[in-house]
Amino acid sequence: MKTVFASLIALAAVVSLSAESGRELFTQRCAPCHGEKGMQQALGISSQIGRMDRKTLIESLEIYRIGRLSRYGRGDLMTEQARSLSDRDIREIADYLQSLRRKKKQ
């Protein structure tokens with residue numbers, strides 16, 4: 001039982017560090033268009049990425065990154081933004097946005 005509890009604490013710490021790294025990435029790369037909490041529609045037309053679930057956000061960024069997604073006629077812009085993101089960067093951004101959603105529910 002102690003091992004399970006210790007594992008859960010370690011996992012929470014990893015997610016917290018990931019969310020913090022994601023905050024930095026999000027602030028630099030995403031917030032200028034999507035707002036500081038992801039609730040702004042970029043260019044007045046995009047989804048509010050702060051409302052996306054983690055899986056959808058990760059999948060969208062991965063597909064944008066390879067240039068196979070064009071929503072709202074601005075896929076070229078998002079492809080350029082996502083192209084330099086690593087898999088880890090994408091997960092950390094998603095973790096950060098999820099941490100905001102959890103805080104909002106509390």
task = Rank these by accessible area, largest first, 1.4 Å probe: D95, D87.
result = D87, D95
ask   = Taking a spot 7 Å from the Cα of E59 along the direction of its beta carbon, which residues of segment 20-47 have an amide N less than 18 Å from it?
value = 47
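Quick check: with the 1.4 Å probe, what order do I90, I66 take by accessible area, largest first? Intermediate values should be presented prior to the final figure.
Values: I90 0, I66 110 Å².
Descending accessible area places them as I66, I90.
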remark   = Stretched fully, the stretch from R101 through D87 gains (0.36 nm per residue minus C-alpha distance, one decimal, in nm) 2.9 nm
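The values are calculated or read from the model by the stated rules, or taken from the named source; none is laboratory data. Quick caveat, the model's predicted, so the values are computed rather than measured. Cβ atoms come from the backbone with ideal geometry, glycine included; neighbour counts cover every protein chain shown. What goes into the accessible areas is simple: the full protein's heavy atoms, side chains included, and nothing from ligands, DNA or RNA. Shrake-Rupley method; radii C 1.70, N 1.55, O 1.52, S 1.80 Å.
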